[in-house]
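What follows is a single structure, written as structure tokens, with notes after it.
Quick note: the coordinates plus some simple rules give every number you see, no bench work behind them. Everything quoted here is computed from the prediction, not taken from an experiment. With ideal geometry, Cβ positions are generated from the backbone for all residues, glycine too; neighbour counts draw on all protein chains shown.
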Amino acid sequence: MSNRSKIKNHYYSTAFIEEPWPLLRRYMPVIAGDLLTGCGSIALTAILAMLTYLSGYTVDIVSKAVFGGIMVLGGMFALAKAEVLYGRIQWVWINVSIYLTCLVVSLPAIAYRPNLYLYASALLSPLIGLLILNSNRCREMRHKMVEIRRKRQDIIAGLKKQGRWKWW
């Protein structure tokens, strides 16, 4: 292996606390699966609500309300996921509450006799999301992110003590 490829594959140690590639390789399926399941849960629940609960209203009112709700829930979900990845694991409860909200909203829609595939998908998506959040790898990832955040805080405290920290 040439010296150039060694340098290319090596991480820049002042920018990262730990080498990022093993972390990404290990935890990226969990992160991506949770994000896709969250987006799918929110979208399928919104479609199911549009076709069942809000079917008597005009399309203009329903589309604005559903779009606003999707944007708010999606923004909250993404913010909570970013905070969990930053090492604040108590934010995972926001993701859990969004999954539970999607489940509770879509569960009684069976009274309207919706499309069976849509109903089953709207029920399974939040359940799969909760299963992902409860998996061993996701728990391991959250604890690893806390460990990295504590290392980062120790480095920042040392730099502040030396007077070399320039941010806040």
Label point at residue 139 placed 7 Å out along Cα→Cβ; residues across segment 93-131 whose backbone nitrogen lies under 16 Å: 93, 130-131
Dipole of segment 36-168, positive end: most advanced residue of 70, 102, 90 [Cβ charges, Cα centre]: 90
Diffusion coefficient, µm² s⁻¹, Stokes-Einstein with Kirkwood Rh over alpha-carbon pairs of the chain at 37 °C and 0.692 mPa s: 176
Net charge dipole size for segment 42-168 [Lys, Arg +1 and Asp, Glu -1 on Cβ; Debye, nearest 20]: 960
Label-to-label distance, nm, for residues given as residue 64 and residue 146 (7 Å Cα→Cβ offset): 4.5
Listed residues 167, 38, 52: farthest to the positive end of the dipole of the chain (Cβ charges): 167
